[in-house]
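To start, the structure under review is shown below, and the notes come after it.
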Amino acid sequence: MTIQQLSVFIENKSGTLQRVLNLLKEAGIQLIASTIADTVEYGIYRIICSEPKRAYETLKEAGISVALSDVFAITLDNQPGRAADAITIFSEAKIGITYLYSFLLGNKGILIFRTDNPDRAREVIILNNLSFVAEKDLSTLI
């Protein structure tokens, strides 16, 4: 019910993001979605990709600080307000969202998020018949 996400710690200086992207390019790893959250000195580059374990090893071997974590990915109809509806379900279940990003793919919205209570989030997804992306489904997204 979860997928793996890379979190890459990069310095806020010219060339660091390019190095990460070039390493993934050379390894033939396809990016599906990514986002950067930054501070003054560094950024956290979060990536959903075609082969997260191989991407992790590629970056680690190059001396880049990277972590793998499990995140939820739910699919939504491409209509205004569907993200609000989904988050309301989690909020009413008293589940906090640690971070979230989204993208459109084909005619579906994909909501990527991490919660403060993954076990309860799994229950809520099942109880509310929310459609989710599993790790094995990642290659079908590209």
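The values are calculated or read from the model by the stated rules, or taken from the named source; none is laboratory data. Note that the structure is a prediction, hence the values are computed from the model and not measured. All Cβ positions, even for glycine, are placed from backbone atoms using ideal geometry, and neighbour counts span all protein chains on display. Note: accessible area is taken over every heavy atom of the protein model, side chains too, but ligands, DNA and RNA are not part of it. Shrake-Rupley method; radii C 1.70, N 1.55, O 1.52, S 1.80 Å.
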- [ ] Kindly check whether there is at least one residue in segment 56-66 that is among the aromatic types (F, W, Y) and open to solvent by 20 Å² or more (accessible area, probe 1.4 Å).
- [x] yes
Task: Those residues of segment 97-113 which are surrounded by 11 or more Cβ atoms within 10 Å (Cβ to Cβ) and either touching a helix residue (DSSP H, G or I) at 6+ places or on another chain (Cβ under 9 Å) or among the small types (G, A, S) (or both), in sequence order - done: I97, L100, S102, L105, G109, I110, L111, F113
Open item on the list: If I filter segment 117-135 for residues that are aliphatic (A, V, I, L, M) and either open to solvent by 60 Å² or more (accessible area, probe 1.4 Å) or under 22 Å from N22 (Cβ atoms) (or both), do I get at least one hit?
Closed with: yes
- [ ] Name, by its number, the condition in (1) buried (at least 19 other Cβ atoms within 10 Å of the Cβ); (2) out of contact with any helix residue (DSSP H, G or I) (no Cβ under 7 Å at 6 or more places or on another chain); (3) farther than 15 Å from V8 by Cα that does not hold for I48.
- [x] (3)
Open item on the list: If I36 meets every condition in (1) among the hydrophobic types (A, V, I, L, M, F, W, C); (2) at pLDDT below 95; (3) open to solvent by less than 50 Å² (accessible area, probe 1.4 Å) apart from one, which number is that one?
Closed with: (3)
- [ ] May I ask you to list the residues in segment 112-135 that are within 18 Å of L6 (Cβ to Cβ) and at pLDDT below 95?
- [x] V133, A134, E135
Task: The listed residue being of a type in the set (S, T, Y) and more than 28 Å from T75 (Cβ to Cβ), out of S14, S50 - done: S14
